Amino acid sequence: MIKIMFVCLGNICRSPMAEYVFKDMIKRLGIKDDFSVSSSATSNEAVGCDIYSPAKKCLHDHGVSFNKHCARRFTEKDYEEMDHIFIMERRNFVNLCRIIRDDSEGKIHLLREFDANGKDIADPWYTGDFETAYNDIRSGCIGVLKHLGYDTSTLD
Ligand code: 4NP
(Lines give C-alpha, C1' and ligand atoms only; values in the text may rest on other atoms or scores of the structure.)
Protein backbone atom coordinates (compact mmCIF):
# COMPACT_ATOMS: atom_id res chain seq x y z
CA MET A 1 0.00 0.00 0.00
CA ILE A 2 1.47 3.33 -1.12
CA LYS A 3 0.33 6.18 1.14
CA ILE A 4 0.15 9.52 -0.61
CA MET A 5 -1.11 12.90 0.49
CA PHE A 6 -1.73 16.01 -1.60
CA VAL A 7 -1.11 19.31 0.15
CA CYS A 8 -2.04 22.93 -0.63
CA LEU A 9 -2.61 26.11 1.34
CA GLY A 10 -6.28 25.73 2.28
CA ASN A 11 -7.26 22.09 1.45
CA ILE A 12 -10.49 23.25 -0.18
CA CYS A 13 -9.42 23.75 -3.83
CA ARG A 14 -6.28 22.19 -5.32
CA SER A 15 -5.35 19.38 -2.92
CA PRO A 16 -8.87 17.89 -2.73
CA MET A 17 -9.13 18.24 -6.52
CA ALA A 18 -5.85 16.31 -6.80
CA GLU A 19 -7.07 13.72 -4.26
CA TYR A 20 -10.23 12.98 -6.24
CA VAL A 21 -8.61 13.20 -9.69
CA PHE A 22 -5.98 10.69 -8.50
CA LYS A 23 -8.63 8.43 -6.93
CA ASP A 24 -10.60 8.52 -10.19
CA MET A 25 -7.48 7.57 -12.18
CA ILE A 26 -6.46 4.65 -9.97
CA LYS A 27 -10.04 3.36 -9.99
CA ARG A 28 -10.12 3.48 -13.78
CA LEU A 29 -6.72 1.78 -14.00
CA GLY A 30 -7.87 -0.97 -11.62
CA ILE A 31 -5.09 -0.22 -9.12
CA LYS A 32 -7.04 1.49 -6.34
CA ASP A 33 -6.09 -1.11 -3.74
CA ASP A 34 -2.43 -0.21 -4.24
CA PHE A 35 -2.98 3.22 -2.66
CA SER A 36 -4.20 5.18 0.31
CA VAL A 37 -4.94 8.75 -0.91
CA SER A 38 -5.71 11.84 1.17
CA SER A 39 -5.16 15.61 1.27
CA SER A 40 -4.47 18.36 3.77
CA ALA A 41 -3.59 22.05 4.22
CA THR A 42 -0.54 23.96 5.36
CA SER A 43 -2.77 26.62 6.97
CA ASN A 44 -5.68 26.71 9.38
CA GLU A 45 -7.64 29.14 7.17
CA ALA A 46 -10.31 26.74 5.94
CA VAL A 47 -10.11 23.88 8.47
CA GLY A 48 -13.48 22.12 8.73
CA CYS A 49 -14.73 23.39 5.35
CA ASP A 50 -16.01 21.32 2.45
CA ILE A 51 -14.47 21.57 -1.05
CA TYR A 52 -15.01 25.07 -2.46
CA SER A 53 -18.10 25.06 -4.73
CA PRO A 54 -16.35 26.10 -7.99
CA ALA A 55 -13.82 23.28 -7.45
CA LYS A 56 -16.70 20.83 -6.95
CA LYS A 57 -18.35 22.09 -10.13
CA CYS A 58 -15.10 21.64 -12.06
CA LEU A 59 -14.70 18.05 -10.81
CA HIS A 60 -18.34 17.31 -11.60
CA ASP A 61 -18.02 18.80 -15.11
CA HIS A 62 -15.12 16.41 -15.74
CA GLY A 63 -17.00 13.38 -14.42
CA VAL A 64 -14.80 13.05 -11.32
CA SER A 65 -16.79 11.97 -8.27
CA PHE A 66 -16.00 13.19 -4.76
CA ASN A 67 -17.23 12.71 -1.21
CA LYS A 68 -18.09 15.15 1.51
CA HIS A 69 -14.82 16.71 2.54
CA CYS A 70 -13.59 18.28 5.77
CA ALA A 71 -10.45 20.40 5.31
CA ARG A 72 -7.70 19.66 7.79
CA ARG A 73 -4.18 20.81 8.51
CA PHE A 74 -1.09 18.68 7.83
CA THR A 75 0.49 17.20 10.98
CA GLU A 76 3.86 15.78 11.99
CA LYS A 77 2.15 12.36 12.20
CA ASP A 78 1.15 12.71 8.53
CA TYR A 79 4.81 13.18 7.66
CA GLU A 80 5.74 9.99 9.53
CA GLU A 81 2.92 7.96 7.98
CA MET A 82 3.05 9.05 4.33
CA ASP A 83 5.29 7.56 1.66
CA HIS A 84 4.91 10.52 -0.71
CA ILE A 85 3.64 14.06 -0.16
CA PHE A 86 2.75 16.08 -3.26
CA ILE A 87 2.56 19.85 -2.92
CA MET A 88 0.97 22.25 -5.39
CA GLU A 89 3.53 25.05 -5.30
CA ARG A 90 6.88 26.01 -3.80
CA ARG A 91 5.47 28.12 -0.99
CA ASN A 92 3.67 25.01 0.35
CA PHE A 93 7.14 23.61 1.11
CA VAL A 94 8.11 26.69 3.13
CA ASN A 95 4.86 26.44 5.09
CA LEU A 96 5.20 22.66 5.62
CA CYS A 97 8.64 23.24 7.10
CA ARG A 98 6.97 25.32 9.82
CA ILE A 99 5.17 22.10 10.84
CA ILE A 100 7.86 19.47 10.30
CA ARG A 101 11.06 21.59 10.30
CA ASP A 102 12.57 19.85 7.27
CA ASP A 103 11.98 17.09 4.74
CA SER A 104 14.52 14.76 6.36
CA GLU A 105 13.22 11.67 4.54
CA GLY A 106 12.83 13.32 1.12
CA LYS A 107 9.11 12.58 0.91
CA ILE A 108 7.95 15.97 -0.37
CA HIS A 109 7.67 16.59 -4.12
CA LEU A 110 6.02 19.20 -6.27
CA LEU A 111 3.00 17.56 -7.93
CA ARG A 112 4.35 18.69 -11.29
CA GLU A 113 7.91 17.49 -10.65
CA PHE A 114 7.60 14.66 -13.15
CA ASP A 115 5.49 16.14 -15.94
CA ALA A 116 6.51 19.81 -16.02
CA ASN A 117 9.88 20.22 -14.27
CA GLY A 118 8.23 21.31 -11.04
CA LYS A 119 5.94 24.03 -12.40
CA ASP A 120 3.70 25.52 -9.69
CA ILE A 121 -0.08 25.03 -9.88
CA ALA A 122 -1.54 28.52 -9.61
CA ASP A 123 -4.05 28.95 -6.79
CA PRO A 124 -7.59 29.12 -8.27
CA TRP A 125 -8.81 30.66 -5.00
CA TYR A 126 -7.09 33.81 -6.24
CA THR A 127 -7.16 33.34 -10.04
CA GLY A 128 -10.68 31.90 -10.36
CA ASP A 129 -9.27 29.64 -13.08
CA PHE A 130 -10.33 26.17 -11.97
CA GLU A 131 -10.09 24.72 -15.46
CA THR A 132 -6.35 25.45 -15.72
CA ALA A 133 -5.84 24.08 -12.21
CA TYR A 134 -7.75 20.90 -13.15
CA ASN A 135 -5.68 20.35 -16.31
CA ASP A 136 -2.41 20.97 -14.45
CA ILE A 137 -3.45 18.63 -11.63
CA ARG A 138 -4.50 15.93 -14.09
CA SER A 139 -1.20 16.16 -15.92
CA GLY A 140 0.71 16.09 -12.62
CA CYS A 141 -1.19 13.01 -11.40
CA ILE A 142 -0.41 11.15 -14.63
CA GLY A 143 3.25 12.15 -14.17
CA VAL A 144 3.21 10.71 -10.64
CA LEU A 145 1.63 7.43 -11.77
CA LYS A 146 4.17 7.06 -14.58
CA HIS A 147 6.99 7.83 -12.16
CA LEU A 148 5.67 5.07 -9.89
CA GLY A 149 5.86 2.67 -12.83
CA TYR A 150 2.22 2.45 -13.91
CA ASP A 151 1.00 2.39 -17.51
CA THR A 152 -1.41 5.33 -17.85
CA SER A 153 -2.02 5.05 -21.59
CA THR A 154 -5.70 4.09 -21.12
CA LEU A 155 -6.40 7.37 -19.31
CA ASP A 156 -5.93 9.52 -22.45
P1 4NP B 1 -6.25 25.95 -1.93
O2 4NP B 1 -6.89 27.41 -2.10
O3 4NP B 1 -4.93 26.17 -1.22
O4 4NP B 1 -6.04 25.47 -3.35
O5 4NP B 1 -7.23 25.13 -1.15
C6 4NP B 1 -7.10 28.28 -1.01
C7 4NP B 1 -8.23 28.13 -0.25
C8 4NP B 1 -8.47 28.99 0.84
C9 4NP B 1 -7.55 29.98 1.10
C10 4NP B 1 -6.42 30.12 0.35
C11 4NP B 1 -6.19 29.25 -0.73
N12 4NP B 1 -7.79 30.88 2.21
O13 4NP B 1 -6.97 31.78 2.39
O14 4NP B 1 -8.79 30.69 2.91
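Using a Gaussian network for the chain with springs between C-alpha atoms less than 10 Å apart, which of these wobbles most: E19, E89, E81? Most flexible of the set in this elastic network: E81.
Counting only residues at least eight positions apart within a chain, or on another chain, the lysines with an alpha carbon under 22 Å from that of K32 are K3, K23, K56, K68, K107, K146. Solvent exposure of the chain, expressed per residue, is 49 Å² of accessible area, with all protein chains present and a 1.4 angstrom probe. How charged is the neighbourhood of S139? Take every other residue with its Cβ under 12 Å from the Cβ of S139, and add Lys/Arg as +1 and Asp/Glu as -1. My count for the surroundings of S139 gives 0. Listed values for segment 120-135 are Karplus-derived 3J(HN,Hα) couplings in whole Hz (6.51 cos²θ - 1.76 cosθ + 1.60, θ = phi - 60°), namely 6, 9, 4, 7, x, 4, 9, 8, x, 9, 6, 5, 5, 4, 4, 5, and x replaces Gly and Pro. Mind telling me which of M25, M88, M17 comes out most flexible in a GNM of the chain, alpha-carbon contacts under 10 Å? Between M25, M88, M17, it is M25 that shows the largest mean-square fluctuation. Quick one: Debye curve from the alpha-carbon atoms of segment 2-148 only, equal weights, vacuum; give me log10 I(q)/I(0) at q = 0.09, 0.20, 0.22 Å⁻¹ to two decimals. Cα-only, vacuum Debye calculation for segment 2-148: -0.23, -1.29, -1.60.
Using θ = phi - 60° in the Karplus curve 6.51 cos²θ - 1.76 cosθ + 1.60, the 3J(HN,Hα) couplings for segment 18-29 round to 4, 4, 7, 5, 5, 4, 5, 5, 6, 5, 5, 7 Hz; x is entered for Gly and Pro. Under 5 Å from the amide H of I2 lie the amide H atoms of F35, S36, each residue being 5 or more positions distant or on a separate chain, with H modelled from the backbone and absent for Pro and chain starts.
The values are calculated or read from the model by the stated rules, or taken from the named source; none is laboratory data. As the structure is a prediction and not an experimental result, all values here were calculated from the model. Here the Cβ is made from the backbone with ideal geometry for all residues, glycine too, and neighbour counts use every protein chain on show. Just the protein is used for accessible areas: all its heavy atoms, side chains included, with ligands, DNA and RNA removed. Shrake-Rupley method; radii C 1.70, N 1.55, O 1.52, S 1.80 Å.
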